[in-house]
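Asker: Below you'll find the structure I mean.
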Amino acid sequence: QVQLVESGGGLVQAGDSLRLSCAHSGRTFSMYAMGWFRQAPGKEREFVATITRNGANTYYASHVKGRFTISRDNAKNTVYLQMNSLKPEDTAVYSCAAGRLATTTTAEYDYWGQGTQVTVSS
């Protein structure tokens, strides 16, 4: 069974940066594509970024492209989301997910973390 644990969230001001981490349990991390999603209060969960199993390819939602960077360290079983130039509209619970393919679709991911809150004040 795969377990994912996010960390790194918090309260920051607009323009600040945060780096989220997602630790994957077990020995199969490199077999999974990893994604980051977020859900703001009263809104649907939305795609943020994804990375292929070997880290060679990444994809971003248009509203974070150029500000956020997804990366992974397969030796540490961890995926990261570096978030720069944060905006109040980035406020949400951020969750990581593991799946077979690096897609934007939540249904394609098999395992999910509990999420970490990111709050950006203006």
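Asker: Hey, any idea what % of the chain's accessible area is carbon plus sulfur with a 1.4 Å probe?
Answerer: On the way: 2880 of 6460 Å².
Ligands and nucleic acids excluded, carbon and sulfur reach 45 percent.
Asker: Can you give me the accessible area per residue for the chain, using a 1.4 Å probe, in Å²? Walk me through the numbers before you get to the answer.
Answerer: Details: 6460 Å² over 122 residues.
It amounts to 53 Å² per residue over the chain.
Asker: Less than 19 Å from a label point 7 Å out along the Cα-to-Cβ axis of residue 87: which backbone N atoms in region 100-122 qualify, by residue?
Answerer: Counting backbone N atoms under 19 Å from the label point, the list is 118-122.
The values are calculated or read from the model by the stated rules, or taken from the named source; none is laboratory data. Everything numeric in this text was worked out from a predicted model, so none of it was measured. We place every Cβ from the backbone using ideal geometry, glycine too, and count neighbours over all the protein chains shown. The protein model used for the area step is the full one, side chains on, heavy atoms only, and it has no ligands, DNA or RNA in it. Shrake-Rupley method; radii C 1.70, N 1.55, O 1.52, S 1.80 Å.
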